[in-house]
Each structure stands twice: as structure tokens, then as C-alpha cells.
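The values are calculated or read from the model by the stated rules, or taken from the named source; none is laboratory data. Here the structure is a predicted model, which is why all the values come from computation and not from measurement. Cβ coordinates were reconstructed from backbone atoms using ideal geometry, including for glycine residues, and neighbour counts include every protein chain displayed. Accessible surface areas use protein heavy atoms only, side chains included; no ligands, DNA or RNA. Shrake-Rupley method; radii C 1.70, N 1.55, O 1.52, S 1.80 Å.
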Amino acid sequence: MMNRRQFCYAAAAGAATLARIPNAFAATYDLLIKGGRVIDPSVGLDEIRDLGISGGRIVAVEVNLAGDATETIDARGKIIAPGLIDIHSHAGRTKEGPVMCLQDGVTGFVDSGSGGADNMDQIAANLRTAPQIGRALVNIAHTGLARGGELHNIDRANVSLAHGAIARNRDVVVGVKARLSADVAGPNDLEALRRAQEAAAPFKFPVMIHVGQNYSPMRAILPLLKRGDIVTHLYAPGANGILDEKGSVLPEVTAARRRGIMFDFGNGVNDHFDWATVERASKQGFWPDTLSTDWNVMSRTTGVVDFPNVMSKFIMFGMPLSQIIACATVTAARVFPAFDDRGTLNVGAPADVAIMELREGSFEFVDNYKGTRSGRQRLFPITTVLAGKRTTSRA
Ligand SMILES: [Zn+2]
């Protein structure tokens with residue numbers, strides 16, 4: 001038994017220990033991100049704030065948070081955004097892909113049709129080792145994405161094989177992909193899309209279609225899409241795109257958006273966008289719903305580079321920064337239930353955070369036709385926080 005005097009002594013000794021090494025235990029936060037410009041479109045926030053993180057979750061978003069932390073990041077002069085969600089990626093092709101794009105701020109992604117029934121098991125195995133949430137769309141062609149075009153033979157669009165691949169990988173597959181451009185599908189585009197819908201239906205999955213230089217016009221393709229489906233490469237130039245001969249956005253396209261079809265950017269490398277189409281459509285107010293990269297491990301040296309570089313192209317076109325961040329976070333997260341609680345820095349959410357820097361200068365951006373344009377601002381990835389833990393940054 002301690003008497004009162006001994007108890008006071010023990011308590012004082014404890015307090016002294018606390019004072020000497022304040023961060024050793026009982027820190028208020030595991031991680032404190034201090035003084036950054038927090039842009040969280042999910043709650044309409046764009047202010048200087050501190051972010052307190054504990055137990056892998058956001059626990060406080062305040063001005064000048066009091067309390068100590070096990071680790072602190074000085075984020076003055078930086079942008080603090082929810083972790084980026086890239087819904088059109090090919091990061092699942094290798095085990096290295098997810099680790100690489102995590103350094104770009106990507107805390108969730110969808111490998112979009114790299115694999116079909118033949119190779120989905122391998123893609124899924126890569127995705128299960130990803131540090132962040134990595135999901136996949138199964139290509140309706142059982143070969144997966146193939147050079148020369150996987151749908152010139154329509155027999156490759158095999159619904160029961162796709163069902164098998166989904167059933168074997170229910171933890172990873174979140175939708176179905178169909179590439180419908182003429183060089184991939186030729187005149188099989190509409191039948192391939194019908195089969196993609198048939199593959200998706202029992203699972204209530206969205207279908208993502210890749211468009212651009214299609215054999216069939218948009219007015220024939222769009223009626224085959226349902227609410228929640230995604231059109232990627234929305235600014236693809238050439239025949240049968242979203243613009244009519246005079247450059248006006250087709251009424252069928254704006255009607256599709258009104259009934260809940262999502263229009264995604266999908267930067268990519270070949271024939272997916274040119275500056276003129278971005279300019280014409282955006283001047284009519286037709287911006288993407290979601291931004292995405294069409295990224296793979298080779299993209300560092302193409303015009304894609306990283307997700308913040310893709311986002312920066314829209315700064316150049318005058319899209320408000322908060323809207324750009326919404327397209328890469330909360331709106332993207334809402335396309336797939338796998339990202340239900342992501343894309344936000346709201347208190348209680350998993351602490352996935354993209355710390356970026358908006359640098360001023362002269363930056364050259366490239367479209368898919370070697371067209372270059374110069375912008376005055378570029379977002380750079382600085383640090384990614386995943387589930388409350390700081391990850392390694394890009395060298
Ligand atoms: Zn792609």
C-alpha cells in the first residue's frame with residue numbers, strides 16, 4: 001500500500017518523465033500536418049489548416065491545432081488534398097506499378113482493362129500486394145488489352161469467361177472495360193458493349209468504355225450505357241467523338257451526362273486527346289467529371305508523367321483548382337463503391353493524404369499528338385500519407 005506522501009512522489013516522478021520526453025507516449029496525434037492549404041472539395045474547404053491524424057484516421061482539421069504529435073510534417077506553402085483516386089490506370093500490370101504511383105499521391109486506383117479472363121488472375125495477384133486500394137476492370141475481351149486491337153474478332157468478347165474471371169476475383173474486380181475505338185474493335189463496337197453490359201449485369205457493375213475514332217457514332221453508343229457507367233478519353237478527336245462537325249458538344253452527350261453517365265479524361269499516349277478538342281468542349285462548359293491518367297510504369301517519360309501533371313493541364317485551361325481536385329478525389333471515389341469512404345479529409349475518414357506543391361514558372365504540357373502548350377503553374381507530388389503513415393517520396 002502506498003501512503004499519501006508516497007503516492008504524491010510517484011505522481012510527481014511520472015509528470016517529470018512526461019515533461020522530459022514529451023513525444024514518447026500519450027502524444028495527442030500520431031501525425032500532425034501543419035500549416036498547409038487544405039483543399040477538400042468534399043466539404044467545400046480551401047483554407048490554411050492543421051490536420052491531426054491518429055489510428056490511421058483524420059481526427060481533427062483545425063486552425064493551429066494544439067497538442068503534440070509523434071511525427072509532424074511542416075506543410076507551409078504546400079497543398080493538402082485527399083489522396084488521389086485514379087480510375088483509369090494500368091498500374092496493376094506489375095507489382096512495382098502501385099508502389100510507384102503511390103509516390104505521386106495516388107492512394108487508390110483502378111487498373112482499367114489491362115486484364116481479361118485469360119490474365120485477370122495475375123493482375124489481381126499484383127493488386128492484392130498493392131499498398132493502397134488497387135482494383136480492376138475486367139476487359140470484355142478474354143485476352144485483355146492487346147496490341148493491334150483485342151476486339152476485331154468478336155468471339156473474344158466472351159461473357160461466360162468474363163463471369164468466371166470476376167467470380168474468381170470478387171475482392172479485386174469492380175467493373176467491366178470495353179475498348180471501342182475503330183483500331184481496337186472496328187464495327188464490333190456496339191456488340192462488344194452489349195456483351196460488356198451482359199457481363200456486368202449480375203454483379204451490378206459499372207462499364208467503362210474507351211472511345212475515340214469509333215466506327216459507330218456517339219448517338220448509337222450512348223444509349224447502351226446505364227447510370228454510373230464511364231466514358232473515358234472524352235476529348236478524343238476525329239470521327240464520332242463528342243463534338244459535331246461544327247465543334248459543338250452533341251446534345252446526346254450532354255443528355256447522357258444528365259442521366260448519370262460519367263465522362264473521364266484518361267490522358268494516355270495515343271489518340272486520346274488533343275488541345276483543340278479540350279479547348280472547344282471546355283469553352284462550352286463540358287469539363288471532365290473525373291480526371292485520370294491511363295498511367296503505367298513507362299509513363300514517367302511520356303506526356304502523362306504523373307497524376308499531378310495531368311491535373312495541371314486543367315489549371316492551364318482555367319478550370320478552378322478545387323474543381324480539379326474534386327475530379328481526382330471525391331468524384332472519382334464515388335464512381336466505385338470500393339472507394340466509398342475515400343476522397344475526403346473529413347474527420348473520421350481514413351487518413352489518405354496527397355501533399356503537393358503548386359509551383360509557379362513556365363511548364364510545358366503535351367497532348368497525344370505532340371502538341372505542346374505552356375502553363376504558368378504545375379502541381380508536383382511531395383509526400384503521400386497512406387492510412388495515417390507517411391510513405392517514401394519520389395527521388
Ligand atoms: Zn487505358
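Among the residues of the stretch 201-220, those that are crowded, with 22+ Cβ neighbours inside 10 Å and either out of contact with any strand residue (DSSP E or B) (no Cβ under 7 Å at 6 or more places or on another chain) or not in a loop (DSSP other than H, G, I, E, B) (or both) comprise Val207, Met208, Ile209, His210, Asn214. In the stretch 182-203 there is at least one residue matching the filter, namely being touching a Pro at 6+ places or on another chain (Cβ under 8 Å) and of a type in the set (Gly, Ala, Ser). The number of residues in the stretch 126-144 being in a loop (DSSP other than H, G, I, E, B) and open to solvent by less than 60 Å² (accessible area, probe 1.4 Å) comes to 6.
For the stretch 98-116, the set of residues classified as touching a helix residue (DSSP H, G or I) at 6+ places or on another chain (Cβ under 6 Å) and within 13 Å of the ligand (Cβ to nearest atom) consists of Phe109, Asp111, Ser114, Gly115, listed by residue number. Candidates are the residues of the stretch 262-311 that are touching a Lys or Arg at 6+ places or on another chain (Cβ under 9 Å), among the polar types (S, T, N, Q) and part of a loop (DSSP other than H, G, I, E, B); the one that is surrounded by the fewest Cβ atoms within 10 Å (Cβ to Cβ) is Asn296.
Restricting the search to the stretch 78-97, which residues are within 12 Å of the ligand (Cβ to nearest atom) and part of a helix (DSSP H, G or I)?
Ala91, Gly92, Arg93
State whether the residues of the stretch 235-253 include one that is away from the ligand (no atom under 16 Å from the Cβ), closer than 24 Å to Asp121 by Cα, of a type outside the set (Gly, Ala, Ser) and at pLDDT 95 or above. So far as the stretch 235-253 goes, no, none of its residues is away from the ligand (no atom under 16 Å from the Cβ), closer than 24 Å to Asp121 by Cα, of a type outside the set (Gly, Ala, Ser) and at pLDDT 95 or above. The residue that is nearest to Met316 (Cα to Cα), counting only those in the stretch 235-261 that are among the aliphatic types (A, V, I, L, M) and part of a loop (DSSP other than H, G, I, E, B), is Ala236.
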